[in-house]
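I have placed the structure first, in the form of structure tokens, so that the comments after it can refer back to it.
Please treat every number below as a calculation from the coordinates, not as lab data. Bear in mind the structure is a predicted one, so any value in this text is a computation, not a measurement. So basically every Cβ, Gly included, is an ideal-geometry build from the backbone, and we count neighbours across all protein chains shown.
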Amino acid sequence: MIAFRRIPFPLLVGDFLAIVILGVIGFLFHNRDLNARLLTTILPTLAAWALVAPWLGVYRPETASRPAHAWRAALAALLSAPLAATLRGLWLNSAVLPLFVLVLGLTNALGMGIWRLLWGWLVFRSDTRG
């Protein structure tokens, strides 16, 4: 596994915010009110991300800050979607729609990939400025 003390705190906050922002965008896209129901999507997604992402190396120091490894975060988001949807379905006592899993996975993969590219660029930029 990974040593959490070596993970940059801004990276963890960014991952958290990326998932929250993607959840809010999803709710707004469906003309839903931003209320406590939003948590039924965000919390399972955060839990699934926390369980899946470390196994794909998204927090390893040698890969976390390199834009070329942003695909790891995108893949982790895609692979965590079925677990997130299952946890959400259990919470809501409802069926898990395959289309929801697909859309959740693809949008989160895109969002996390973009965020991690931005993170890698920021780290690279600060490293080159010394």
Would you call Thr86 out of contact with any strand residue (DSSP E or B) (no Cβ under 7 Å at 6 or more places or on another chain), under 22 Å from Ile114 (Cβ atoms) and of a type in the set (Ser, Thr, Tyr)? no
Inside the stretch 88-130, the number of residues satisfying the requirement of being part of a helix (DSSP H, G or I) and surrounded by 12 or more Cβ atoms within 10 Å (Cβ to Cβ) is 29
So Ala85, is it crowded, with 19+ Cβ neighbours inside 10 Å, under 13 Å from the mean Cα position of the chain (by Cα) and in a helix (DSSP H, G or I): no
Is there a residue in the stretch 11-20 that is at positive phi, surrounded by fewer than 18 Cβ atoms within 10 Å (Cβ to Cβ) and of a type outside the set (D, E, K, R)? no
Is it fair to say Pro44 is farther than 29 Å from Phe124 by Cβ, within 12 Å of the chain's Cα centre (by Cα) and assigned to a helix (DSSP H, G or I)? yes
Hey, can you tell me all the residues within the stretch 20-40 that are assigned to a loop (DSSP other than H, G, I, E, B) and in contact with a Gly (Cβ under 9 Å, 6 or more places away or on another chain)? Arg32
For the stretch 60-98, which positions are hydroxyl-bearing (Ser, Thr, Tyr) and closer than 21 Å to Gly23 by Cβ? Ser80, Thr86, Ser94
With respect to Ala74, is the statement that it is under 20 Å from Val101 (Cα atoms), in a helix (DSSP H, G or I) and either in contact with a helix residue (DSSP H, G or I) (Cβ under 6 Å, 6 or more places away or on another chain) or not polar (S, T, N, Q) (or both) true? yes
Based on this model, can you work out whether Ala48 counts as under 24 Å from Ile7 (Cβ atoms) and in contact (Cβ under 8 Å) with a residue 12 or more places away in the chain? yes
